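The values are calculated or read from the model by the stated rules, or taken from the named source; none is laboratory data. What you see is a predicted model, and the numbers here were worked out from it, not measured in a lab. Here the Cβ positions follow ideal geometry from the backbone for every residue, glycine too, while neighbour counts run over all protein chains shown.
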Amino acid sequence: MLYNMRYNKSGGIKFMRKTMEKMKEKKAITLIALVVTIAVILILAGITVGMVTSDNGVLKETKNAKTLAEIDNEKSIVERAKMLTMMRSKNGSITYEVFEPALKEEAGKIPTEVSDAMGTIEVLFTDSNRYYEIDEDGNVSEPQEVVKDQYAGDITKGGRCDGSKEKPYEISCIEDLVVLSNMTNGKGIKLENGKAVTITSKNVFTNKYIILTKNLNFNSKYSYNDSTRTDFGNLNNDDTDGNSLITEMTTGTGFIPIADYAGNFDGREHTIANIYINALEGDKTSKALIKNATKNASIMNLCVTGTVKSEWQAAGIVAYGVNNGEIKIINCINKANITGKNMVGGIAASYMKIIENCTNYGNVEITGSEYRICWYWGNNRSR
């Protein structure tokens, strides 16, 4: 009996050991399965989160769809108000006085603001911060966003941009264009950390990169961060201090051309609209958006509209190309009306190197007795 008990005890111990070993094996297998399961769940969760939050995710697509629906509604309101204005106006014309009440009728409770930008009617939807332009022919523009730039007048954008190809300087408002002009002319002010700094020397931006981040319109208050500011001083040579910046840019001599420029300017398919450059009598300096391009300057992917008047060379994009480098104007359009006395052109007046895939739609007028239309040396593959 005692033997049997020992035997049974011994057998029981062996059985328990085997059972524990099997349990350990099962536990190990179960633990592995658990780890695999958790890994799969995490992968699936990551995929799901990625599908929801990525650039092409569900949330982004939903937001995009909502924005597109809002834009469609806004454009529909503007178009209906335009048609109502044409019905109520004499000769089917579109005037600010008739359009404003028509818009209020069509917009209902949606808050809007109407402005007259010197011949162009602007409609702002204040909730979305988008505005639309209606030109004299009744064409409604695509939506544009009102400028809100805490670094207006600072093309480094608070030091974020260094002029390299990877981090180009940015032109995001009219103030930035004015500062670029000031820097190349070596006078006036620029803004750093919101404070005015006097410019004491010229900067030609050799091998630097500058991009235009959006469409800009000199006549539109929405293209300025603050169109009423007066700290840039008397820019239009009317001997009047205290004018608003938008007044300085649209009266008198208007915008001061960018002077000697040796950098890379990429318009990113944007438009600088309603530029106004009006030379004083006897001022025999070149007039254009860029007065002189030099060294290896390149200007590309840009459209300019407005008016340029000069007592000498005049053009829409570049007036004069200095013959000491591979200067290029590529994929540019001029729609500005150009008037000059000597060497006048739509894209360029006196140019030396490459003009490629450029088109002029503006009127070109020569007023001098001795003149050349676009005096040009180099490769021209434009029209």
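Table for the structure above
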{"read-out": "Matching residues, region 197-230, being touching a Cys at 6+ places or on another chain (Cβ under 8 Å) and within 16 Å of Arg268 (Cβ to Cβ)", "value": "Leu216, Ser223"}
{"read-out": "Breaking point among (1) modelled with pLDDT under 95; (2) buried (at least 23 other Cβ atoms within 10 Å of the Cβ), for Leu289", "value": "(1)"}
{"read-out": "Per-region count, region 224-255, residues closer than 21 Å to Val308 by Cβ, assigned to a loop (DSSP other than H, G, I, E, B) and of a type in the set (Val, Ile, Thr)", "value": "2"}
{"read-out": "Verdict on Lys309 being farther than 21 Å from Ser172 by Cα, at pLDDT 90 or above, surrounded by fewer than 24 Cβ atoms within 10 Å (Cβ to Cβ) and in contact with a strand residue (DSSP E or B) (Cβ under 9 Å, 6 or more places away or on another chain)", "value": "yes"}
{"read-out": "Answer residue from region 163-185, given it is within 17 Å of the chain's Cα centre (by Cα) and of a type in the set (Ser, Thr, Tyr) and is surrounded by the most Cβ atoms within 10 Å (Cβ to Cβ) among those", "value": "Tyr169"}
{"read-out": "Counted residues, region 131-162 - those being crowded, with 22+ Cβ neighbours inside 10 Å and on the phi > 0 side of the Ramachandran plot", "value": "1"}
{"read-out": "Failed item, numbered, when Tyr131 is tested on (1) in a loop (DSSP other than H, G, I, E, B); (2) out of contact with any Cys (no Cβ under 7 Å at 6 or more places or on another chain)", "value": "(1)"}
{"read-out": "Hits in region 152-204 (condition: among the hydrophobic types (A, V, I, L, M, F, W, C) and either within 18 Å of Ala293 (Cβ to Cβ) or assigned to a strand (DSSP E or B) (or both))", "value": "Ile171, Leu177, Leu180, Met183, Ile189, Leu191, Ala196, Val197, Val204"}
{"read-out": "Test for Val114: is it assigned to a helix (DSSP H, G or I) and not assigned by TED's automatic domain parsing to the domain that holds Glu175", "value": "no"}
{"read-out": "Residue among Thr251, Thr294, Thr206 that alone is among the β-branched types (Val, Ile, Thr), without any contact (Cβ under 8 Å) to a residue 60 or more places away in the chain and either surrounded by fewer than 17 Cβ atoms within 10 Å (Cβ to Cβ) or in contact with an Asp or Glu (Cβ under 8 Å, 6 or more places away or on another chain) (or both)", "value": "Thr251"}
{"read-out": "Answer from Ala102, Ala117 - the residue that is free of Cβ contacts under 8 Å to residues at least 60 places away in the same chain and either farther than 24 Å from Val147 by Cβ or surrounded by 12 or more Cβ atoms within 10 Å (Cβ to Cβ) (or both)", "value": "Ala102"}
{"read-out": "Top-ranked residue in region 205-223 [being touching a Gly at 6+ places or on another chain (Cβ under 9 Å) and part of a loop (DSSP other than H, G, I, E, B); ranked as nearest to Gly119 (Cα to Cα)]", "value": "Asn219"}
{"read-out": "Any hit, region 186-198, residues being free of Cβ contacts under 8 Å to residues at least 24 places away in the same chain and crowded, with 19+ Cβ neighbours inside 10 Å", "value": "no"}
{"read-out": "Those residues of region 172-188 which are of a type outside the set (Asp, Glu) and more than 16 Å from Ala259 (Cβ to Cβ), in sequence order", "value": "Ser172, Cys173, Ile174"}
